[in-house]
Amino acid sequence: MVAVDTGRVHDFLIAQYETFNAADNTPVGHAHFQAFVSAPALRDRLDEGCIAHVAERDGTVLGMCELHLDGYLTLLYVRGDHHGRGIGRRLLKQGLETLHTVAPAITVVRVRGTPYARGFYTHMGFEPLADALQEDHGIRFHPFLMRLPTHPQRDTVTGT
C-alpha cells in the first residue's frame with residue numbers, strides 16, 4: 001500500500017467493519033475504529049514504517065493487512081463476498097514475509113481478533129491468550145499470539 005491508496009482503503013475498511021464487526025462494539029469503539037482507519041492515520045502509519053499490503057482486482061480493494069514493526073497485526077480485512085478464497089491467508093503470509101525481512105528479530109505476532117475472525121486466526125496458527133472476550137476503547141476482541149518459526153525456510157502460515 002502507498003499513500004495514494006489510503007482513501008479507498010479507508011472506505012473499504014469502514015464498509016467491512018460496519019458489515020462484520022460494528023455490532024460487537026460500543027459507540028466509543030466505532031469512533032475509535034473510524035479514527036484508527038482514517039486516511040491520515042493510515043498515511044501516518046505508513047510514514048512510520050508499518051507494513052501494509054492490499055489485495056485488489058481491477059481497482060477494487062478485496063483485502064488489506066497491516067503489521068507494525070513490533071510484530072503487532074492491527075488490521076486484516078477481506079471483502080465479505082471474497083471470504084474463503086485464500087485472500088486473508090495470502091495477505092497474512094505476505095505481511096509476515098515482509099516483517100521477517102525488515103524486522104528479523106521479531107519472534108511473535110500478536111493480534112486482537114474480532115469475534116467474527118476468531119476461527120480464522122485459530123486456523124492460521126494463532127494461539128488464544130484468553131478465553132473471554134476483552135474490550136479496549138469500546139472495541140471487543142480476542143487476544144491471539146503466533147510464534148514465528150526460527151528456521152528461515154519454514155512457511156509461517158502453512159507450516160511447511
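The values are calculated or read from the model by the stated rules, or taken from the named source; none is laboratory data. These figures come from a predicted structure and were not determined experimentally. With ideal geometry, Cβ positions are generated from the backbone for all residues, glycine too; neighbour counts draw on all protein chains shown. For accessibility, only protein heavy atoms count, side chains too; no ligands or nucleic acids. Shrake-Rupley method; radii C 1.70, N 1.55, O 1.52, S 1.80 Å.
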**Prompt:** Rounded to the nearest 0.05, what FRET efficiency do L129 and D24 have when you use their Cβ-Cβ distance and R0 = 22 Å?
**Reply:** 0.75
**Prompt:** Where does each of D131, D136, D5 land when they are ordered by accessible area, with a 1.4 Å probe and the largest first?
**Reply:** D131, D136, D5
**Prompt:** Whole-Hz Karplus ³J(HN,Hα) for the range 78-95, in order, using 6.51 cos²θ - 1.76 cosθ + 1.60 and θ = phi - 60°, x for Gly and Pro?
**Reply:** 10, 4, x, 6, 10, 4, x, 9, x, 5, x, 4, 5, 4, 4, 4, 4, x
**Asked** GluC sites (Glu not before Pro) within the range 1-81: which are DSSP loop residues with at most 11 other Cβ atoms inside 10 Å?
**Response** E48
**Message:** Run the helix sum for the chain: -39,500 (n - 2.57) per DSSP H stretch of 4+ residues, divided by residue count, reported at 222 nm to the nearest 500 deg cm²/dmol.
**Reply:** -10500 deg cm²/dmol
**Complete:** Counting only protein heavy atoms and rolling a 1.4 Å probe, one gets per residue an accessible area for the chain in Å² of 52
**Prompt:** Counting only protein heavy atoms, what percent of the accessible surface of the chain is carbon or sulfur at a 1.4 Å probe?
**Reply:** 52
